[in-house]
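Structure first, then comments.
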């Protein structure tokens with residue numbers, strides 16, 4: 001390879017590294033936006049259910065066929081999950097737990113309806129994808145988990161390690 005071509009490749013390489021650093025710097029913001037977006041969808045759904053409880057119960061008895069659960073129990077559990085888990089997700093407190101719970105809730109919602117319109121199915125797939133990403137990579141640096149996990153680990157396991165020691169892979173809750 002000639003020297004000029006090598007110089008061009010080196011410049012392209014340096015430019016790509018700069019771009020990657022910029023994208024990496026945006027990860028906490030992207031994780032926060034994903035948490036906020038998905039949480040808002042589920043929280044609004046929970047508020048709607050609370051707003052007209054008689055209709056909610058009727059829907060769970062007639063339309064939603066939640067496997068293995070009594071419709072009334074499913075209505076209470078689903079509504080409670082739609083109100084509590086989004087708050088945890090936005091705060092990034094037990095972020096992976098909240099993402100897992102909402103992922104399951106999302107999957108059950110799709111399975112429970114007999115006929116899901118294509119557009120609604122695509123929305124559920126999008127929400128499920130965001131939740132899967134949050135489950136796999138954690139809620140991010142801008143979360144309570146980021147700070148609480150090392151403290152909890154130290155108090156529960158008796159370790160006195162500094163918070164900076166823990167990365168997303170070392171802690172079950174942070175990312």
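The values are calculated or read from the model by the stated rules, or taken from the named source; none is laboratory data. Please read these numbers as outputs of a predicted model, since none were measured by experiment. Backbone-built Cβ (ideal geometry, glycine too); neighbour counts: all protein chains shown.
Brief remarks on what is shown
- Single residue of the range 47-73 satisfying the filter (in a helix (DSSP H, G or I) and in contact (Cβ under 8 Å) with a residue 24 or more places away in the chain) that is nearest to residue 99 (Cα to Cα): 47
- Residue check for residue 16: at pLDDT 95 or above and either exposed (fewer than 10 other Cβ atoms within 10 Å of the Cβ) or under 25 Å from residue 125 (Cα atoms) (or both): no
- Number of positions in the range 38-63 that are under 12 Å from the mean Cα position of the chain (by Cα) and exposed (fewer than 14 other Cβ atoms within 10 Å of the Cβ): 1
- Selected residue [modelled with pLDDT of 95 or more, closer than 29 Å to residue 136 by Cα and surrounded by fewer than 16 Cβ atoms within 10 Å (Cβ to Cβ)] from 73, 87: 87
- The residue that is nearest to residue 89 (Cα to Cα), counting only those in the range 142-152 that are surrounded by 20 or more Cβ atoms within 10 Å (Cβ to Cβ) and at pLDDT below 90, is 149.
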